Structure formats: structure tokens, C-alpha cells
Ligand SMILES: Nc1ncnc2c1ncn2[C@@H]1O[C@H](COP(=O)(O)OP(=O)(O)OP(=O)(O)O)[C@@H](O)[C@H]1O
Ligand SMILES: [Mg+2]
């Protein structure tokens with residue numbers, strides 16, 4: 001109905017962020033020179049998701065379906081495929097190593113060798129009930145000499161590789177693909193939410209020097225750490241900004257809607273600044289809450305969440321070791337002055353990440369909560385492995401897009417996130 005697929009000069013890509021609280025889509029066009037323009041977007045309430053993972057199929061499918069309609073009308077384009085966010089604490093990083101013999105010392109390393117050493121670095125290292133989402137080559141060594149980033153064309157007899165393998169539990173991946181399929185959208189690739197957000201808000205210099213994205217969502221907090229230009233670590237904490245709302249609802253014995261209003265309208269992350277002693281809500285400000293009590297509840301939960309973030313940074317050996325600091329994304333990053341709290345809690349410089357410098361109808365998505373959906377669209381746009389998005393005809397004929405083999409979503413190993 002809305003197909004612009006006849007347009008030979010452009011292809012269209014879609015980023016679909018299936019969150020616990022919200023679903024978001026960003027549709028972008030890519031021209032022959034690779035220039036990306038946002039042509040459609042939308043957000044809506046999610047359903048049937050628990051801690052970043054589908055708890056049933058119909059809930060998220062319905063939410064995606066309802067939300068996509070407006071984005072499609074705006075973009076003038078019918079979404080059939082998308083790059084989709086994956087989340088939940090089943091998403092992990094594993095550092096592995098592999099070694100192969102490649103022949104004599106005169107042998108020049110080629111793509112096949114890289115595929116083979118990657119196979120060794122991955123097979124048997126990742127449990128069978130996990131899907132590999134990406135393999136990030138961190139370093140190669142030739143005949144014992146390490147520190148090599150790109151060994152193609154170099155000579156050596158023994159090739160070693162150090163890699164960061166990103167994986168998630170297979171049921172999590174399968175159910176996510178099923179739920180988008182139920183909304184008539186094929187998930188061409190699953191990408192961790194924080195990794196997608198990083199694509200939208202970080203620049204190359206930050207990734208080179210050392211930086212982390214903390215995607216502060218509703219029910220999860222995702223962390224993606226970069227150094228030397230590579231994704232070094234991914235982890236997800238099953239706690240998010242909704243936990244603050246729930247704590248307020250319980251402690252103050254109020255409805256969650258009122259707790260949410262108090263959190264979003266009256267709380268700031270700068271707990272030391274001067275403020276009124278009472279928080280007044282309702283049509284005629286008829287309900288008043290003691291600010292000190294409210295702030296204590298919020299701060300206790302923030303303390304806990306940020307202590308967990310710090311634990312992950314420590315486990316990855318990056319605590320206080322990130323020159324470019326921490327970049328916060330997700331709806332939780334919208335709390336006013338949250339960077340003041342975060343800076344103190346993490347003992348690092350903290351900024352709020354918003355997608356920047358995009359063409360098209362970009363203003364509306366230049367928000368921290370849109371970082372994941374925008375990043376997914378950019379990764380899709382930059383991945384040359386996908387043919388211009390399938391037409392309905394192609395879909396009906398059962399033609400599969402590339403990247404859906406046994407390693408499914410991870411065909412292009414060098415397409416760094
Ligand atoms: N102004 C604000 N101040 C504080 N919190 C906010 C504000 N606006 C939104 N939030 C919170 O952001 C959260 C929603 O964020 P987001 O949309 O990124 O989550 P999600 O992607 O659906 O969840 P998840 O990533 O955990 O699956 C909610 O907890 C909401 O209360
Ligand atoms: Mg999210």
C-alpha cells in the first residue's frame with residue numbers, strides 16, 4: 001500500500017526497539033552514497049514484556065502492530081523487515097580465544113582463515129542454548145606476535161584471535177523473532193539495546209579512547225563498553241526506572257500513575273539542591289507529599305541501581321578507567337539532573353546521550369529514549385549485506401534475506417556494531 005520500493009535510488013531500513021514499557025520504531029532511507037535520512041518514527045506503550053524479554057507473544061506483537069501504523073504512514077513505506085533490539089539479563093559478553101594453523105610462514109592470511117579462526121574461537125565456548133548475536137574480533141596474533149587488528153595479507157603459519165562473543169539465551173531470541181513475526185515484521189538481526197543506543201550517541205573518538213553507554217530503561221539497565229574502537233563488553237541489569245515508580249507507590253501507598261507523575265515532574269538527580277519542602281499534586285494541588293521522604297525512596301533505589309552498574313564496570317575491568325566517561329540513554333536518563341547523581345555514584349564524567357546530526361525528520365527522535373531505535377536503523381543502513389528491503393512479493397515467495405543461516409543473525413562478522 002505504502003510501498004516506495006520502486007524507488008531505485010534509495011532503500012529503506014527500520015529500527016524496532018521492543019522495550020518493556022515502550023515500543024519504538026525509526027524508519028530511515030539510505031541513498032546510493034550511503035546518506036541516511038529519518039523518514040518515519042513512532043512510539044507506543046508496550047505489552048507482554050518482562051524485564052526486557054517477551055513474557056507472551058500476543059502482547060508485544062499487538063503493541064508493535066499498533067505503533068508501526070503511524071510510522072509507516074509517515075514514512076510512506078510498509079515495514080516488512082527490521083533490525084530489532086534484544087534485552088534482558090540473558091544478553092552477555094564472553095571473551096574467547098581461538099588458534100589455527102594456516103600453513104607455511106609464506107602463507108598470506110585471507111578471509112577464509114579469519115572465518116576458520118573465528119569458528120574455533122566461538123565453537124564449544126558458547127553453551128548450546130545460546131544464540132551468538134555478534135563476534136567482535138579484538139585482536140589477532142601471528143606466530144605469537146600480538147596486537148594485530150587486521151591480519152589480511154600478512155604472513156604467518158599460526159593465527160590466533162581474541163574475540164568478544166555477544167550471546168543471548170536461544171528462547172529469548174526465538175520468542176523475540178516470533179513476536180515481531182506475529183506483527184508481520186521479520187527480525188533480520190537482533191542487537192542488544194545498549195549496543196544499538198551506542199551507535200546513535202557515540203562518536204569514533206569516544207569509542208577509541210574508552211566510553212560506556214548505560215541504557216537506563218524501564219525494567220532493565222544495559223551497559224555497553226567500548227575501547228580501541230571495539231565493543232569490549234555488554235551486560236544487562238534486570239532493574240530500571242520503573243523500580244523507582246513501584247517503590248514510591250508502595251512506600252507512599254499511592255497509585256502507580258501518581259507515583260510516576262511525582263517521579264517525572266518533581267524529582268531531580270541533584271538531591272542537594274534547594275527545593276520546596278512539599279510536593280503538591282492533583283488538580284488544585286490537593287495532595288501534598290513530604291519531599292524528604294519521597295527523595296529518600298528515590299535515592300535508595302538509584303543508589304542500588306548505580307551500585308549494580310558499577311559492579312558490572314568493575315567486572316569488565318573498566319571501573320574508573322573510561323577517559324570519555326559514561327553516556328546515559330533511555331527514558332530513565334530523562335530524570336532532571338540525573339547526571340549529577342550518576343557522576344557522584346560512578347566517580348566518572350557523565351553526559352546524557354541524544355542522537356545527533358541526522359537528516360530528515362530527526363528533531364523528534366533526538367531524545368535519549370529514541371537512541372536504541374535510531375541506532376538500530378543506522379546499523380541496518382550501514383549493513384550493506386541486506387538487499388533493498390524485500391517487497392511483499394519476495395516475502396510471499398518465501399525468499400529469505402541474507403543473514404538467516406544457522407548462525408542466523410550474525411553473518412557479517414566484521415560489521416561492528
Ligand atoms: N522525565 C522523566 N523522569 C524520570 N523518569 C522518566 C522520565 N520520562 C520517562 N521516564 C522513565 O523512563 C522509563 C521508560 O524508559 P524506556 O522507554 O527507555 O524503557 P523501555 O525501553 O520500555 O524499557 P527496557 O529498556 O527496560 O525494556 C520509565 O520507567 C519512565 O518512568
Ligand atoms: Mg529500552
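Here are the numbers for this structure:
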{"quantity": "In degrees, nearest ten, helix 170-182 long axis to first principal axis of the chain (Cα)", "calculated": "80"}
{"quantity": "Förster radius 60 Å - calculated FRET efficiency between residue 300 and residue 35 (Cβ-Cβ, nearest 0.05)", "calculated": "0.80"}
{"quantity": "Equivalent-ellipsoid semi-axes of the range 92-167, from the Cα gyration tensor, Å, largest first", "calculated": "23, 11, 9"}
{"quantity": "Förster-model FRET efficiency, 60 Å R0, residue 45 and residue 154, C-beta, rounded to 0.05", "calculated": "0.70"}
{"quantity": "Separation of alpha-carbon centers, the range 111-132 and the range 297-364, rounded to whole Å", "calculated": "32"}
{"quantity": "Distance in nm between pseudo-label sites at residue 170 and residue 292 (7 Å out along the Cβ direction from Cα)", "calculated": "5.7"}
{"quantity": "Cβ-based exposure ranking for 83, 318, in which fewest neighbours within 10 Å come first", "calculated": "318, 83"}
{"quantity": "Extension gain, residue 270 back to residue 284 (0.36 nm per residue minus Cα-Cα distance, nm)", "calculated": "2.3 nm"}
{"quantity": "Label-to-label distance, nm, for residues given as residue 128 and residue 321 (7 Å Cα→Cβ offset)", "calculated": "3.5"}
{"quantity": "Cα gyration tensor, the range 264-343 - rounded (a/c under 1.5), prolate or oblate", "calculated": "prolate"}
{"quantity": "Potential lengthening between residue 181 and residue 203 on full extension [0.36 nm per residue; Cα-Cα distance subtracted]", "calculated": "4.6 nm"}
{"quantity": "Helix 241-251 vs. the chain, principal-axis angle (Cα, 0 to 90°, nearest 10)", "calculated": "30"}
{"quantity": "Over the chain: helical MRE at 222 nm, DSSP H runs n ≥ 4 each giving -39500 (n - 2.57), nearest 500", "calculated": "-9500 deg cm²/dmol"}
{"quantity": "Highest average packing first - 48-57, 305-314, Cβ atoms within 10 Å", "calculated": "48-57, 305-314"}
{"quantity": "23 Å tail of the calculated P(r), the range 175-269, as % of Cα pairs", "calculated": "48"}
{"quantity": "Residue 308-residue 364 pseudo-label distance in nm [points 7 Å out on the Cα-to-Cβ vector]", "calculated": "3.3"}
{"quantity": "Global geometry of the range 1-154, whether rounded, prolate or oblate, following the gyration tensor of its Cα atoms and the 1.5 cut on a/c", "calculated": "oblate"}
{"quantity": "Antiparallel bridges, percent of DSSP beta bridges restricted to the chain (to nearest 5)", "calculated": "80"}
{"quantity": "Of 380, 255, 348, the one that fluctuates the most in a GNM where the chain has Cα springs shorter than 10 Å", "calculated": "255"}
{"quantity": "Crossing angle, helix 58-75 versus the chain [Cα axis fit, 0-90 degrees, rounded to tens]", "calculated": "80"}
{"quantity": "Globularity index of the chain, i.e. its alpha-carbon radius of gyration over 2.2 N^0.38 Å", "calculated": "1.03"}
{"quantity": "Fewest-first ranking of 74, 335, 154, using other Cβ atoms within 10 Å as the exposure measure", "calculated": "154, 74, 335"}
{"quantity": "For the chain: relative contact order, % (alpha-carbon pairs under 8 angstrom, 6 or more apart)", "calculated": "20"}
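FYI, it's all coordinate maths here, none of it is from the lab. Everything numeric in this text was worked out from a predicted model, so none of it was measured. Virtual Cβ from ideal backbone geometry, glycine too; neighbours counted across all protein chains shown.
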